[in-house]
Structure formats: C-alpha cells, structure tokens
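Student: A single structure is presented below for examination.
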2 protein chains.
Amino acid sequence: MVVLAVHGGAGGDGPWRGMTEADPQRLNCMHSLLSDIGARLESGALSALEAVTQAVEIMEDEALFNAGRGSVLDASGAITMDASIMRGEDQAAGAVVGVSKARHPIRIAYHLLKGGWPVMLNGEAADAYGLTKGLEMVDPTWLVTELRQAQWAKWKANKSAPGSTDEDDGAVLDHDGMGTVGAVALDRDGKLAAATSTGGMTGKPDGRIGDTPIIGAGTWADRNVAVSCTGVGEAFIRTCAARSLAAYHDRESLVASGKRVLDEVAPYGGRGGLIAVNADGELIVPFQTMLMYRGTYVNGAIEVGIGPETYDELSSVSS
Amino acid sequence: MVVLAVHGGAGGDGPWRGMTEADPQRLNCMHSLLSDIGARLESGALSALEAVTQAVEIMEDEALFNAGRGSVLDASGAITMDASIMRGEDQAAGAVVGVSKARHPIRIAYHLLKGGWPVMLNGEAADAYGLTKGLEMVDPTWLVTELRQAQWAKWKANKSAPGSTDEDDGAVLDHDGMGTVGAVALDRDGKLAAATSTGGMTGKPDGRIGDTPIIGAGTWADRNVAVSCTGVGEAFIRTCAARSLAAYHDRESLVASGKRVLDEVAPYGGRGGLIAVNADGELIVPFQTMLMYRGTYVNGAIEVGIGPETYDELSSVSS
C-alpha cells in the first residue's frame, strides 16, 4: 500500500462548529495533487521523498496557502520563508531558514538532504545554494499577494491602534493568516518521508524562527513514522513535537501518540495540528484548532476537508 | 543533592591513547567555575537555569573554548555564534542563531526563554534583542583571537592547495577547532536545565546552522533529564540527539541511553559527546572522540579531565 497526506495549516480558535465554509480553491489544489502524486506513488514512479517534495511544491505555488507564493508578511512587510524535509530510511534531512528569493523553499531543503552536508542553511546563503542547484529564483514581489498585504495592513493597524498594549503586538496566527503546508508519505518500498514549508506568521518579528525548519519540531521521519506539524511554532519547538510523536509511537498507537503530542503543546499556547503516517500505512490527521485543511490518499481513495470537530473524535483513516 | 556538569567540546579522531596533554587553562577554567557555581547551587542561591547560564557565560569568556570570545572563524573569516538553553520544569526554551556582536550569546537565549515568545531569533535580530535587554555588545574584532586566525589560515591554505578536491573543502572539526561549550544542572528543588553555546566549525560555510541552537538536537531539558551535546552537528540534528536521549531514558538507564544516542549519531559522521543529568542526580559524560573537555560537580566533589578512553568504559559518576 501507499499513503500520501497533506495539510494546509491549522487555525481558528475554539471548536469546529460547521460554520466555516471550506475554501474550494485550497481543497481543489489538495485533491488535484493527491490524485496526481498519489497515482505515481502507487505505480512506483515516485519515492516517498519525491512525493512529499512535489506535493509541497504544488502547495507553495498555491497562493492561498501560507508558503512560497502567498506567504504572509513579517513585521517589516517582507516575506521570509522556512522549510524542512526528512527521509525516514536514513534520517537524511535538509532545512532552510529565512529564504526570500526561491520559488520553492522545500526544493532547496531537498537538495541539502541529497547533498548530505550541511543539513541546515540560513537566509541568503540558502537562496544562493538553491541557485547553484539550478533552482528558480523569483522577484520577491512575485511572492506577495494582495490578500497577504491586506492581512498585514490589518495587523499593522491593530498594532498601532490607540489603546493597544504590548500584548497586542504579537504576530497573528488566525484563520486568515494560517496555512503552513506539509506532506507525509509511505511508498511502495515501505519507505517514509515528511516535508513542511511556511511563511510564518503575519507580523512575525524580524528574525523569528518557528518550528517549520526545525528537524524534530515541525518535521520528522525515521523508519517507523513520518510527521509534519503546523501551528504556534514555539510550543512545537518546546515539545520537540514531531520527534516526540515518534518516541511515543514506539509504545503507543499512532492515534494515542498524536493526541499526546497535541495535549503536550496545548499548555504552551500550541494550538495546531499534524499529519503522520507509519510504516504499516496507518495515518492520522489530528488538530486542536477550529479547522485544518488536510487531504489524504490511501489506496486510491482521496479525501479532503477542514473538519472534523476535534482531534479526540478523529481516528485512523487507513485500511 | 545538586549536580553541575560542563563540557568544552569533543574532538580528535580515534581512541584516547593518553598521548594528548590536557590544556591546564581550560581545565582550570572548568574547575574554577564548578567550584564557584557548584557551591551556590548547593546553597540554593542559584537555580539550575541560572547555574547553566553562568557556567556557559564563563566558558564563553575563556578564549580557548570555541564559544563567545575565541570562537572559530567561518569560511569568510568572521565569527557567527549559536546558543540555546532550556528549563526542564516547563520546557521553556530560548535559542539564537548567527549572532556576531553579543559577548554572551547564551544570555540572549536566556532572555528569550524568560520572555516566552519567540523562542528562537536569527542573526542581527538576536543581537538587537540582547541590546534591548541591556546585554553587553562587543566589537566583533574583540571576539577574534590569534589562535583562531591561525587555525583559519591553515584551513584556508589546505582548501586552496594544489590537488585539493571538493572533499577537502569541508569545514574542520579537529582537535584544534573543537570547543563547543555546554552545561547541565540539577538544583536543590530537583529542577533541571541545559545550555549550549558555540562558534561552530572552522571554515563553516556562510549560513550553516549546526545542532547547538536546535532545541532537541544540541540541547534538551524536561522534568526527567537535561542534556547538552557537542560534535558534528548535522548528525546530532538528524538523530534529534538530545531529545532522543530523553525518550530512551524513559525505558533505559541513563548510561544505556547516552550510549545509544552516540551509537546512533556515529553512522552519520557524528563524532562527538554529550553530558546529561537526570532528576535522580545520575550523571553521564560520554563521548566517542579521542577526548572531551568536561568537568563535574557532584555533592561538593569536583572532577575535570579530557579522558577516559571511550564512552563504553564510562559509567555514571553520581552517588
């Protein structure tokens, strides 16, 4: 069997009440890529590593997700993007922090993984490394969309409003600004991979690094399980969420492990979600926010959506 | 009981053969800080968090360690420093990447931990954050020592030598260039903390991030155990070494967990070592390199050294 799952970010306070309509553009993007990449994963044309890379690239190109083109703007109004990727069989990994020119940050991370050393590159050096690999660089203005400019202006206005306090200065992870993307896959050879990419949070302070580029926090893959997380990054760093899930799954079911990780991040303000697949093809897509864009491909069956209500009610969808 | 342990980096190929003389300046630095900070930890004047911060600050000031003043030079001949810190009781954390002005990078990480959000700051933004906290900034030339300039010149000459291949271009983690520093502590209240600080590797490529600022890789602390690692960072990232040790220690002894982590990093080129203390006061200081500068304070007894032969022969030193 093969499995491919993707997420487009978790967001929103409170429980799912069925009152938010799913955005068809994002669902269609996920459905289309699951259909295409899932079939090629099924045929053996793609490895898990290639599948998650291509899945994330497609979501980076979809402007409504917060990664690649359509990334949210930081405090200065610029886009700085983070991404990481990991291959389960040998725990090879690649990660980039604060890139601003690459069309596909995840592809730079992929090349770092393939190159073997270094694993992690920062800022302009990461973009420059991508250029040496022949990757497409774009004008930073091409990455910016009107939607993200409007969200940034709203954040800026609230920040400057009379009566605003220091507490109001925080960056925003709301329904509008969410959209970190990720993918996990199990291929025909039983091999696993995970990838995650993001623009961060609207109004994030200059230099802030979240969990997405941190191997073990936002992304993890080993011989047993592959994980991609989304949410308030600081809590996922403090709990080393993705690696912790793998540790718990050594002793607990995948469902219990996913629930345990989300229970751990919650007290640290870590609203979010994750997707994970294990070597047996079991799959979970739990979240504790109001909603999470996510889609799954399991044995040819594709599901996309933004519910269900809470991760407590979610069980494995694999067969 | 209270426990404090420090390391000053692991390095050298092959087994310990008793042929390398320990450098008295580094041993004296460790002995002196263990005596001072250990006593204040014992009296209850210092928490584990304060103890590891001060211990690392003192080692950052010792020019023969590769952190703070005396950091190694990167490919461009500049100093860029990484550090991270974690408090076990609530897994609060702070980390800085690529700072170049702060005298004590670990103290910026400490203030990020205290501030709560963000956890991780990059480059100039991290230095600027330190300045807002009143921390001492220094002229970058003050950080540079003649020893590190000579090591860099040697690296540069080898890199440019006729007949050198791409493989020769790698950064250097040899006996001369080692010296990442770290500390772990258990205080009178039974609370744990860990901290790590480094200048990286001589000739490291621009933008390369190692394991030291990565929570879960170079540094970890929770209610059960505190860990600080040193060595070839990429392997410690790929194995999420510090967090993995904590996971293994849920089921295995501390000694077995430390050995397992070093066995895992080895196939990825991960020569190095670590120090770890658990909530029962058990302590390990294993390494798989030729030597590791390390010192321990346990119930008033201080030991410093660079042996023993291999981590296989090292057992817990706690009582």
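Student: Working from the alpha-carbon coordinates of chain B, get Rg over Rh, Rh being the Kirkwood radius.
Tutor: 0.95
Student: Around A:VAL52, under 13 Å between beta carbons, what's the net of Lys plus Arg minus Asp minus Glu among the other residues?
Tutor: Net charge in that neighbourhood comes out at 0.
Student: In a solvent-free Debye calculation with one equal scatterer on each Cα, what is log10 I(q)/I(0) for region B:214-304 at q = 0.15, 0.19 Å⁻¹, listed in the order of the q values?
Tutor: Here log10 of I(q) over I(0) equals -0.49, -0.79.
Student: Determine how many Å³ per residue the convex hull of the Cα atoms of region A:1-95 encloses.
Tutor: 147
Student: At 37 °C and 0.692 mPa s, grab the translational diffusion coefficient of the protein assembly as shown from Stokes-Einstein with a Kirkwood Rh over Cα pairs, rounded to a whole number in µm² per second.
Tutor: So the translational diffusion coefficient is about 136 µm²/s.
Student: Can you give me the long-range amide H partners of B:ARG208? Hydrogens built in the peptide plane at 1.01 Å from N, cutoff under 5 Å, separation of 5 or more residues or another chain.
Tutor: HN-HN under 5 Å from B:ARG208: A:ASN122.
Student: Something else now. Counting only DSSP beta bridges with both residues in the protein assembly as shown, what percent are antiparallel, rounded to the nearest 5?
Tutor: So the antiparallel bridges in the protein assembly as shown amount to around 95 percent.
Student: For each pair in B:LYS101/B:LYS191; A:LYS204/B:LYS191; A:LYS133/A:LYS191; A:LYS159/B:LYS191, compute the distance between the two Cα atoms and list the pairs where it is over 28 Å.
Tutor: B:LYS101/B:LYS191; A:LYS204/B:LYS191; A:LYS159/B:LYS191
Student: Right, here's the next one. Using a Gaussian network model of chain B with C-alpha springs under 10 Å, which one of B:PRO140, B:PRO286, B:PRO118 is most mobile by mean-square fluctuation?
Tutor: B:PRO118
Student: Report, in deg cm²/dmol and to the nearest 500, the calculated mean residue ellipticity at 222 nm for chain B, where each DSSP H run with n ≥ 4 adds -39500 (n - 2.57) and the sum is divided by the residue count.
Tutor: Helix contribution divided over all residues of chain B: -9500 deg cm²/dmol.
Student: Same structure again: Could you tell me what fraction of 2.2 N^0.38 Å the Cα radius of gyration of region B:47-156 comes to, as a two-decimal ratio?
Tutor: So the Cα radius of gyration is 1.07 times the expected 2.2 N^0.38 Å.
Student: Calculate the FRET efficiency for B:ALA157 and B:LEU131 from the Cβ-Cβ distance with a Förster distance of 45 Å, rounded to the nearest 0.05.
Tutor: 0.75
Student: Same structure again: Quick one: which of A:220-231, B:211-222 comes out on top by average Cβ neighbours within 10 Å, and what's the full order, highest first?
Tutor: Listed from highest to lowest mean packing, they are B:211-222, A:220-231.
Student: Report Rg/Rh for region B:173-265, rounded to two decimals, where Rg is the Cα radius of gyration and Rh the Kirkwood radius.
Tutor: Value, to two decimals: 0.99.
Student: Which loop-located trypsin sites (Lys or Arg not before Pro) does region A:250-298 contain, where loop means any DSSP state but H, G, I, E or B and the Cβ has at most 13 other Cβ atoms within 10 Å?
Tutor: A:ARG251
Rule-based calculations on the coordinates, nothing more; no lab input. Nothing here was measured: the structure is a model prediction, and the numbers come from that model. As a convention, Cβ positions derive from the backbone with ideal geometry for all residues, glycine included, and neighbour counts pool all protein chains shown.
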